[in-house]
Structure formats: structure tokens, C-alpha cells
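Visitor: Can you read through this structure? Questions will come right after.
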Amino acid sequence: MTRRPKQPLFLARAPYRRRRLRDAARLLPVLGLFLLLLPLLWAPDSRMALESGDVIYFFVVWLGLVLLAAAFAPGLRGGEGAEEDED
Amino acid sequence: MPFNLLVLSCLLYVVLLFAVAFLVERRAARGRLGWLRSPLVYTLSLSIYCTAWTFYGAVGYAARSGLEFLTIYFGPTLVFIGWWWLLRKLVRIGRQHHVTSIADLISSRYGKSNGLGVIVTVIMVVAATPYIALQLQSVVLAFGVFAATEPGGSRPLDPGQIAVWVAVGLALFTILFGTRNLDAREQHHGIVTAIAVEAVVKLVALLAVGSFVVWGIAGGIADVIARIDAADLAAWQVQPGRWTGLIFLSAAAVICLPRMFQVMVVENEDEGHLARASWAFPLYLMAMSLFIVPIAVVGLERLPEGANPDMFVLTLPLAEGQGALAMFAFLGGFSSATSMVIVESIALATMISNHVMIPLWLRLRPKAGAGDDLRQVVLMARRIAIGAVLALGYAYYHVSGGSAALAAIGLIAFLGVAQVLPAMIGGIFWRGATRTGAILGLVTGFVVWAYTSFLPSFGPGAALSAQVFAEGAFGLSWLRPHALFGTEAMDPMIHALFWSLTLNTIAFCIGSLLTFPGPVERLQGAAFVNVFEGSVGPQRWARGQVEPEALLTMAQRILGEDAALALFQEAARAQGKDGFLPDPTPAFLDGLESRLSGSVGAATAHAMISQLVGRATVTVEDLMAVASESAQLLEYSARLEAREAELTRTAGALREANEKLTQLSLQKDAFLSQISHELRTPMTSIRAFSEILTEGDLPPETVVRYGQIIHDEAKRLTRLLDDLLDLSVLENGTVQLNVGLASLQGMIDTALTAARATRPEREFLVIRDLPSEAIYLKTDADRLTQVFINLISNARKYCDAPRPELRIVVRQRGGRVTVDFIDNGKGIPKDAQRLIFEKFARLTDANRAGGAGLGLAICREIMTNLGGSVAYLPGQGGAAFRVTVPLRLEAQAA
């Protein structure tokens, strides 16, 4: 309905970093999906039984995603009140 | 492992849960929750995603289909680590709009339509019933495992009886703690804390069994890895369709499951908790899945052929003689089942009471007993609904006989609730989504899901006849439940997922695109989609004709006397009034509605207020008025801006003109003294010499000389007066032009010859390009030559270079000819350039000047009369003038 008041076109260093952190948080599930779908490209015919490598791969990816999300979370929560500029 | 001990520990465990819930409720009542509102409790409560299906079923799933069970946890992991996309918005909307359930969210978004609420409620109940049955079944199966090991070998209880007791016990617990009070924000601290405790129990139990398997039975991690490689675990073939589809499905389910929505959105205390849960919940899921594969592999190895892999978590420790561990595992499974059933039934009961029972009650008895406490009605409705949900679950368990594999039922339920996804995502990200679209999408998705997934799950010949399976409904082969439109090659699960959600989304989009939303719907759409932008837009209520007393009575019926009075008093004080009765302003009505919707749902609250206020809610015209108001404001400020810019421009022009005028006035003053000087000098010498002459007695040659001087001075005077006259004639435009054909080259030749009389002692180098001058102009040749003479004379006069040069450049462009006169002097200073063409203008060093500063002014007037112009050409390395003349002067220009 009404347009929002104009936002600054360029940001200082700290808000800039916070925005990029949000971008990273948005991209994280995309990265996760890519890594979790990657095994689909492993040759399916040559491996008929479960291999321990598969299990280890998935858990390593899983742990990596959790750690990344944990690294992002505090920064995202901190920037909440300062400026609401979402979507 | 004595069976009675098992029952006893079960009862003790339940008593513990009661105690936890009770103590927390008491602390909450005193407002001292402290750490109980921490992100940790929030994260743990989210773990009701892991039901008995995870606890028991994941191992069976792994034994049957390899790593595919992981997809059920990958979906939620992706959704949670990507919380910034969706969950944050969902939680914010839930808090801002006092959403009580997922049905409430959908109905509130699409114009507080109760019909939509009913549809979502039906879908949720149908999808959740088998899931609840599944939990009962898991408890019964677990009891069965222990009963089979009983030394007596006899079964002390039959499975049906166990299921009944479990269902009744759960109903009791849920009713006791889930319907204690009708909170403004539908929150249940006691239950949430109990769920958190159960989350810890089931995690620790599964980890304990897993550790026992890895380090107790197998010889550590390396050995387990070797065993995994050795086992031919269910031909682990990744099926791309199933793998991707199930990740998507579980991601959708974690948002849409009623119980997940309940703990994630409704019970959320603080948005900051979500940030912690974004990584802690995936971590919990990972810990839950960590030992699934080892348990499955070792179980297949150790246990006899034909043992139910769904029960490996219990049977493996039992077979190894670890009774205590098995009992702990049993409690873990028990808590998985109970926590899920408790929260699911609360969520479903909230939907059923808010969207089905209360609206029905209000319709049946619209005005009856306005004084009676509606809270009791709502609470009673909740209790009945909880009982009904559990009864349905039990009935399903009883009818289906509890035979199907756990995983299959779980996935079917997931797909059922996922039908809400398009309406929900569309609702919070797309303002164009409409109620009709949502209804079409939901109904389409539900029907397709029922036909391709839910009904076939009962097996051929049960809900759908074998004939329908083979030949399709009505004998149409493209309507076969597992091969819609001939897609036979697909896995049945993926087939159902693909068709139900695709057709659902298509119907939703087409319906939304083709219909026009009502005013309330548009308001709500804007409020939901732009939830982060703060302003909710215009008020929902027009100023009503309602008596505040009637509103207070109604609010008391729902909120209770004290809460309602406090709310009204506060509102009255905010309006600057004493007492308990504020004016029914739109803002107050808005606040009241939002408060009520926390108890009975948005649709019911809206309906109740409009019953009193009348249909005086906002209309499309109001919306348009608000929109056009702000548009007018914008336009007005844009107009102001434009006007201001114009004013600035005008002021600038005025300032420039003023400056010029001032300078001209100075010039004029200077000229007057100059002209008097110019006139006086010859006059003085004429007078002096004529006086000498009149005295006589002079030698004749002296007389001749003096006479000559007088004659010259008189000529100078005449010339000056001629110039002035000429200028005034030119300025008035009354000059007579002799238009004829003349050669430009000839004119320049003439001008150069004539100008040689000016300071004849200086030798000028003239640079010309003769061929370019071979142009015949139709113009007044005498006048144009006069201009040329003037410019060349000026150059001769003022060019201060030691070896003066004059360049004459002729160009023809279109119908115009330009002649540039460029010398190599130091040119004219920038601030003087604007003035040189003015009358009486003369540069400061007038010492060498012969004229009165009229030459260039005359030039300009001549050129104007000839239809051309003369201008100073800056940046040519010296003084430069450009004369522009038309090739053919039109006759009327004269």
C-alpha cells in the first residue's frame, strides 16, 4: 500500500556484515540440499549394498551444517531489533 | 524382566510427568518460569517430531531400505538451518496475530474464513488419526515384546486392552494439563516442560541402546564399520525420486504437522529461541539417528530370521540379557509415543473446538444465555475433542489391526498434512493468494491424497475395491490410484506426493488468479505478507454503534471476569476515561478482537464482534480511500518538489538577469562619461583651433593645417553619431537590406583590404582556405562585409601576440555557413565574454580603443537582421568569433 521510507543505499561496515550474514543464512539450506543430493550422482549400479563410507559422508555433512548454522545464529539474533529491512 | 515391574515403571514414569507438569504450571501461575522459558526447553519440545515412528520405526526402516530413513530428518534439518527464510516469518505472524493453530493461521490469512478453518481441521484430523493409532500400536507392540519373554509365557493382557488403557491415560493427562485454562495465548507451560523431559528420556534411551550395541555387542566403532560393510543391508540403492521426494516431504511436514506448529509457533515464547533451535534441533535429530544403522546391522546379524526389525531397539538388549537397558529403551519409546499423542491431540482439539464446535454452538444458540461463561463451553469442547481424537485413533488402530509397517503409515500422514503447504506458503509470501484459491487447492490436494495414498493404504478390497486398483475408478484406466494419467513407473509414495501437491498447487494458483479477494482478506493478506514492516494498515473496524457494555459482557464470557475488566479498564485509561467502559473506537475493537482470537481463534472472534457491531467492518471503498489518500500525499509532495525546483530555476535566472542589469547600468554610466569625453575631445580641439583661426594673423600653411585638424575632428564626431544612429536603426528592425547574390570569398577579400587601415603598421599573417570560401550567399553583402571588417579590425586592434596571426575558417552545415575569425592573442577573459556584445561595452584597457564600444553591438544587430548570429568562440587559443549566416536569406526577413 504505502511505500516504505527510503533506505540508505550503502551501509556502514557493521550493518553490511550483518546483511551478508543473513545472505549466508539464506544460502545455507541451498548448500545443504546440494550436499545431500550429491550422492544421487554416485554410480548407482556399481554399489548394491550399504557401505560405511556413505553413512560417514552423511553424518559429516550433517554435522557441518549444524556447526555452520550455530556459527550464524548469534549474529542473526543480535541484528534483529536494530533494523528491520526484510523482504 | 517381570511384566508387572514394567507396568509399574510405566505408571511411575507417568506420575513423574504429572508432577513435572503440575509443578511448572504452579510456577507459571505465579509468573516465575525462569529457565523454563529458555531456548533449551523450546528446542527439546520441538523433538516431538521424533515419535515412536523414529524411536522404533527408524531401525526397521534402515533394515528394510538402507539409508533412506535419513531423508525424514534431512528435510527438517534444511528447514531449520534455513529458518531465516520461513520459520522466522511464521513465528512472527503467529505471535502478532495470536494464531492458535495451523487451521487458525490459514483461516485468519484468508479473511478469517471459518469454512477454510473447517477444511484444514478435517484434513488434519484425517491425516493424524492413523498417526495416533501408530503410536498406540507401538506401545502395544512393545508390551508384546516383553510379554513374550515372560517366564510363564502367557499374555496377562490382550493388546486391545493395553491400547485402551494407554489411550484413556493419555486423554486424562492431556485434558488435565491441556485444558486447565483458556489462555490468551494458547500456551501450556506444564505440557511443554513435560515434553522436554520426555525428549531427554527418549534421546538418552536411544543413545544408551546404541552405545551398548556399538561397544557392548560389537567391538567398537571400527568393528561396526566393518560389519556395516559386510552386511548386505537391503540393497542400498538410491532411488533419486524417492530420495529427493522424501526430503521435500519431510521438510513440508515439519512445518505443517499440527503438533509441530503447536510447539514451534503457538508455544513460542521468544523469537530469539528460534535462532538457537535453528542449529540445536538439527543436532538433536542427528543424535537420534546416530546409532540407527549400527542397531539395524547388528540386529539383523544377531536376531533370528523373521524378527520384526521395528522392535530391534527392544529385542536386541533383551536377547543379550540386558533387562534394565531394555526397560529404559521401552520408556524411551513410551515417551516418544505419549509426547506425540499429547501435543497432537491438544493441537487437533484446539482446531476442532475453535473451528467446528464453538461456531456451531454460537449458531445454534446465538443470543441464548449471554451471561453464561463461554469459557466453560470452550474448555468443555476442548475436552470432548481430545477424547474424540484419541477415540478415533484407537478406533483406527482397532480396525486396521495394527499390522502395517510403521514407516508406511508415517509417510502417508506426512503427505496428508503437507497438503496445507501451498495455501500456507502462498498465504505468507503472496498477497494475491485468495480464499477461493486456497479452498480449491486444499480440497483438490485432499481428494487426490485420499484416492492415491490414504484409501489404498488399507489394501485392495478394503476401502477401494480390487477392481478400482486394477482398472481405475469408473473403469477409466487413467484414474488408477497408483498410476494417475498413466504414470505407472512411479513409486506409489512418490506418485501420490507428485500428483497431490502438483494438482493442489495448480488449483490454488488458478483459483487465486481468477478470483477477487474481499476487503478483510486483502487486509489480512497485506498484514501477513508484510509482517516485518510493522504497520498493519488501516483499521479493520469502522466506528460501530455498539454499546461498550455489550462488548464487556461478551469479553467476560470468553476471557473471564477479571481479565476482561482489566483489559477494558486499561483501554479506557488509554482513551483518557475513568471507569471500565472505553469508547468502541476502531483501535479498541481491533485490540479486543486480537485478544479474543487468542482464545477462540480469529474467525470466531471476528464473527462474535461483528455480531455485536453489525456488519460495519471495513469495505473495499475504505481500502481504496486509504490507498488513494496515501497516493495523493505522494503526488502532492512530488508536485511540491517539482515546484520548488522550478522556483530555484527562476530565482537563478532572475539573479543572473539582475547581475547583468547591474553590470550594464555600470557600463552605461561609464559610457555616458565616455561618450561625453568622446564628444568633448573633438569639440574642444575644434573650439580651440577655430578660436586661434578667428584671431587671424597666421601663416597660410598653419591655417591649412589647423583647418585640416578641425575637419578631421568633425569627421570623427560625425562617425560616432553615424554609429549611434546606425545602431538604433538596426535595433528597431527598420533597416533596409539590399539582398543579392554575393561571393563569400569576395566579401572576405574586401573586408581584409578595408581593415588594413586599422593600425596599418602591424603586419598580420592571414591564414585562409580559399576553396572552402567558394560559396555564394544570398544576403546583404555590404552589411555582412561590415561585420567582417569590424571583427578583423578588432583582431588587428587587440591581438597582442608578437607575431600576430588571423585564421579564417569557413564551413557549410546544412543551410547555414559559419565563418570563424580566430587570432592568436590572449583572448577575452571569461567574465567579459558575456558583455562584449552589449552596447557601450568596452574592455577595461581602453587605451588602444578607437571606437566607443559600439562595434560588436552593431555586428550583433546586423547578424540578427540577416537571420544569423555572431558569438564568441571560447577555447580556440585566442580571441575567436563565429559568424553564422543562412545560405539563403528569405526575403521577408528584411
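Visitor: B:Ala571 - would you say it is surrounded by 12 or more Cβ atoms within 10 Å (Cβ to Cβ) and either at pLDDT 80 or above or over 36 Å from the mean Cα position of the chain (by Cα) (or both)?
Guide: yes
Visitor: Could you please tell me which pairs satisfy a Cβ distance under 7 Å, a separation of 6+ or placement on different chains, a first residue in the stretch B:190-219 that is open to solvent by 10 Å² or more (accessible area, probe 1.4 Å), and a second residue that is outside any helix (DSSP H, G or I)?
Guide: B:Val192/B:Glu267; B:Leu207/B:Phe291; B:Phe212/B:Gln322; B:Ile217/B:Glu320
Visitor: Moving to a separate point now. Just one of the numbered conditions (1) under 38 Å from the mean Cα position of the chain (by Cα); (2) open to solvent by less than 10 Å² (accessible area, probe 1.4 Å); (3) of a type in the set (Gly, Ala, Ser) is not true of B:Gly115; which one?
Guide: (2)
Visitor: Out of curiosity, is B:Ala275 open to solvent by less than 10 Å² (accessible area, probe 1.4 Å), in contact with a Lys or Arg (Cβ under 6 Å, 6 or more places away or on another chain) and within 14 Å of chain A (Cβ to nearest Cβ)?
Guide: When the stated conditions are applied, B:Ala275 passes them.
Visitor: If B:Gln96 satisfies every condition in (1) away from chain A (no Cβ under 11 Å); (2) surrounded by fewer than 24 Cβ atoms within 10 Å (Cβ to Cβ); (3) within 15 Å of B:Met264 (Cβ to Cβ) but one, which is the exception?
Guide: (3)
Visitor: So which pairs qualify, if the first residue must be in the stretch B:119-137 and free of Cβ contacts under 8 Å to residues at least 24 places away in the same chain and in a helix (DSSP H, G or I), the second must be open to solvent by 10 Å² or more (accessible area, probe 1.4 Å) and not hydroxyl-bearing (Ser, Thr, Tyr), the Cβ gap must be under 6 Å, and the two must be at least 6 apart or on different chains?
Guide: Close Cβ pairs satisfying both conditions: none exist.
Visitor: Return only the number of the condition from (1) within 12 Å of B:Leu612 (Cα to Cα); (2) modelled with pLDDT of 75 or more that B:Lys577 does not satisfy.
Guide: The number of the failed condition is (1).
Visitor: Among the numbered criteria (1) of a type outside the set (A, V, I, L, M, F, W, C); (2) within 27 Å of the chain's Cα centre (by Cα); (3) at pLDDT 90 or above, which one does B:Glu646 miss?
Guide: Going through the list (1) of a type outside the set (A, V, I, L, M, F, W, C); (2) within 27 Å of the chain's Cα centre (by Cα); (3) at pLDDT 90 or above, B:Glu646 breaks only (2).
Visitor: Further question on the same structure: Can we say B:Gly877 is out of contact with any Lys or Arg (no Cβ under 8 Å at 6 or more places or on another chain), part of a loop (DSSP other than H, G, I, E, B) and either small (Gly, Ala, Ser) or at pLDDT 85 or above (or both)?
Guide: Here the answer is yes, as B:Gly877 does meet what is asked.
Visitor: Return yes when B:Phe55 is touching a Gly at 6+ places or on another chain (Cβ under 8 Å) and over 26 Å from B:Leu285 (Cα atoms) and no when it is not.
Guide: Against the criterion (touching a Gly at 6+ places or on another chain (Cβ under 8 Å) and over 26 Å from B:Leu285 (Cα atoms)), B:Phe55 does not qualify.
Visitor: For the stretch B:78-85, indicate whether the set of residues that are more than 14 Å from every other protein chain (Cβ to nearest Cβ) and open to solvent by 10 Å² or more (accessible area, probe 1.4 Å) is non-empty.
Guide: Within the stretch B:78-85, none of the residues are more than 14 Å from every other protein chain (Cβ to nearest Cβ) and open to solvent by 10 Å² or more (accessible area, probe 1.4 Å).
Visitor: Only one residue in B:Gly393, B:Gly427, B:Gly416 is in contact with a Ser or Thr (Cβ under 7 Å, 6 or more places away or on another chain), buried (at least 24 other Cβ atoms within 10 Å of the Cβ) and not hydrophobic (A, V, I, L, M, F, W, C). Which one?
Guide: On inspection, the qualifying residue turns out to be B:Gly393.
Visitor: If you don't mind, there's one more thing I want to ask. With the requirement that a residue be aliphatic (A, V, I, L, M) and farther than 17 Å from B:Gly827 by Cβ, what does the stretch B:785-807 give you?
Guide: Within the stretch B:785-807, B:Val787, B:Ile789 qualify.
Visitor: Go through B:Leu737, B:Leu724, B:Leu741 for me and flag whichever is farther than 14 Å from B:Gln786 by Cα, touching a Leu at 6+ places or on another chain (Cβ under 9 Å) and not in a helix (DSSP H, G or I).
Guide: From the options B:Leu737, B:Leu724, B:Leu741, the qualifying one is B:Leu741.
Visitor: Output the residues belonging to the stretch B:54-66 that are surrounded by fewer than 23 Cβ atoms within 10 Å (Cβ to Cβ) and either under 11 Å from B:Leu246 (Cβ atoms) or out of contact with any Phe, Trp or Tyr (no Cβ under 6 Å at 6 or more places or on another chain) (or both).
Guide: Once the filter is applied, which keeps residues that are surrounded by fewer than 23 Cβ atoms within 10 Å (Cβ to Cβ) and either under 11 Å from B:Leu246 (Cβ atoms) or out of contact with any Phe, Trp or Tyr (no Cβ under 6 Å at 6 or more places or on another chain) (or both), the stretch B:54-66 yields B:Arg64, B:Ser65.
Visitor: Look through B:Ala438, B:Ala388 and report the one residue that is open to solvent by 10 Å² or more (accessible area, probe 1.4 Å), at pLDDT 85 or above, at negative phi and part of a helix (DSSP H, G or I).
Guide: B:Ala388
Visitor: I'd like to verify a number: residues in the stretch A:41-58 that are at pLDDT 85 or above and within 7 Å of chain B (Cβ to nearest Cβ), how many?
Guide: So the answer is 1.
Visitor: Still on this structure, I have one more. Would it be correct to say that B:Arg259 is charged (D, E, K, R), touching a residue at least 40 places away in the same chain (Cβ under 8 Å) and surrounded by fewer than 23 Cβ atoms within 10 Å (Cβ to Cβ)?
Guide: no
Visitor: Among the candidates B:Leu360, B:Leu300, B:Leu318, B:Leu348, which residue alone is within 30 Å of B:Leu105 (Cβ to Cβ), open to solvent by 30 Å² or more (accessible area, probe 1.4 Å) and of a type outside the set (Gly, Ala, Ser)?
Guide: Result of the check over B:Leu360, B:Leu300, B:Leu318, B:Leu348: B:Leu360.
The values are calculated or read from the model by the stated rules, or taken from the named source; none is laboratory data. Worth saying up front: this structure is predicted, and the values here are computed from it rather than measured. Because the Cβ atoms are built from the backbone with ideal geometry, glycine has one as well, and the counts that use them run over all protein chains shown. Just the protein is used for accessible areas: all its heavy atoms, side chains included, with ligands, DNA and RNA removed. Shrake-Rupley method; radii C 1.70, N 1.55, O 1.52, S 1.80 Å.
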